Amino acid sequence: MVRSDPTIGELENWSATVLCDEVFSSYDTQVLLCFCLGKSPAYLLTHRNDVVDKETESWFRDLVDRRLTGVPVAYLTGYREFWSLPIMVDENVLIPRPDTELLVEHVLTRIPIHSRPRILELGTGSGAVALALATERPNSSILATDRSVSAIEVARKNQTVLNINNISWIVSDWFSAIGNQEFDIICSNPPYIAISDHHLIAGDLRSEPVSALASGEQGLDDLKLIVRQSAQYLISGGSLLVEHGYQQGEQVRQIFQAAGYLDIRTLKDLSANDRVTVGVKPL
């Protein structure tokens, strides 16, 4: 007997059964199925009995199989939404997380809407933070850097797709290629996981670039470098904002204090965890 093509509901049920481990979620099934069908989640609910053609079925089953091997959903679909922007991602860049929107939010609080600030973003990856800032503050001039040539290529593609014109990109190992420039704001979501942390070999993190995740035995090496060197690139009264781990708030504040920053405070994310620390260069 020739098997008939499956319905949307049958494929959804199959995937939910396959991806039943605690590592995965029902959201994975929904995102992948919507991606293959080119439809919204609401469509899945109202068209469960619609038949799926063999080509789409094969594509979906292949993506589910790859998800089982640990490939993140964002790498399978090629994008992740950040700040309501569709950000293209691949294995060369870190997948943007909702927590990092806190960094964007608090940079924006320091930029009046009609001002024309100069902003430096260090370690841009996919360009998500710079692109979000550029969208909200089109009069700003943003320089975004990354040590990875491949990451800068991804960021430039995102800029082209989103038609954003107020960002420049350069390959730079933190401040190495910045020269004598000065900025009103410097921001960064640097690597901040300890190199020995077991999370690096579990879940989605095992597929993401380690260089964008880990930084020394305590996860603080890059944060220390950024905070210590940033003052010479900030105008007097300029602000530095960095994202960090939820247990690093006190340590990062101490690093800011040692570097001479004022008005230092740590901001909490939606889970009430320390996530972003900010300081101001003295006048």
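Residues PHE175, PHE256, arranged from fewest to most other Cβ atoms within 10 angstrom of their Cβ, appear as PHE175, PHE256.
Mean sequence separation of contacting Cα pairs (under 8 Å, at least six apart), scaled by the length of the chain, corresponds to a relative contact order of 14 percent. Among the lysines of the chain, pairs that are 8 or more positions apart or on different chains and have alpha carbons within less than 28 Å of each other number 5.
Rounding to the nearest 20 debye, state how big the charge dipole of segment 8-69 is about its Cα centre with +1 on each Lys and Arg Cβ and -1 on each Asp and Glu Cβ.
120
For ARG97, no residue whose modelled amide H falls within less than 5 Å of its own remains once neighbours fewer than 5 places apart on the same chain are excluded. Checking every one of the GluC sites (Glu not before Pro) in segment 18-87 against DSSP loop status and a limit of 10 other Cβ atoms within 10 Å picks out GLU22.
Mean projected area of the Cα convex hull of segment 3-84, taken over all directions, amounts to 5.7 nm².
Look at where the Cα atoms of segment 236-273 and of segment 68-114 average out, and the two centres are 21 Å apart.
If you run the Gaussian network model on the chain, springs between alpha carbon atoms under 10 Å, then out of ILE95, ILE113, ILE167 the most flexible one is ILE113.
May I ask you to give the average projected area over all directions of the convex hull of the Cα atoms of segment 133-283, in nm² rounded to one decimal?
Over every viewing direction, the Cα hull of segment 133-283 projects on average to 9.8 nm².
Using bins of 5 Å that start at zero, the share of Cα-Cα pairs per bin across the chain amounts to 1, 5, 12, 15, 16, 15, 11, 8, 6, 5, 3, 2, 1, 0, 0, 0, 0, in whole %.
How much net charge surrounds VAL227 when only the other residues with a Cβ under 12 Å from the Cβ of VAL227 are counted, with Lys and Arg +1 and Asp and Glu -1?
+2
The HN-Hα couplings worked out from phi for segment 184-193 by the Karplus form 6.51 cos²θ - 1.76 cosθ + 1.60 (θ = phi - 60°) are 7, 9, 10, 9, 7, 10, x, x, 9, 9 Hz, whole numbers, x standing for Gly and Pro. This ranking places HIS244, HIS114 by how few other beta-carbon atoms lie within 10 Å of each, fewest first, which gives HIS114, HIS244. Axis of helix 221-230 versus longest Cα principal axis of the chain: the two differ by about 40°, to the nearest ten degrees.
Here the chain carries DSSP beta bridges of which approximately 45% are antiparallel, counting only pairs with both residues inside. Simple rule: put +1 on each Lys or Arg Cβ and -1 on each Asp or Glu Cβ in segment 94-187, find the dipole, and look at LEU122, LEU103, LEU143; the Cα lying farthest toward the positive end is LEU143.
Highest average first, the peptides 35-43, 183-191, 274-282 ordered by how many other beta carbon atoms sit within 10 Å of their residues are 183-191, 274-282, 35-43.
Throughout, read-outs are computed from the coordinates displayed, never taken from laboratory work. Quantities reported herein were computed from a predicted structural model and do not represent experimental measurements. Note that each Cβ is placed from the backbone with ideal geometry, even for glycine, and that neighbours are counted across all protein chains shown.
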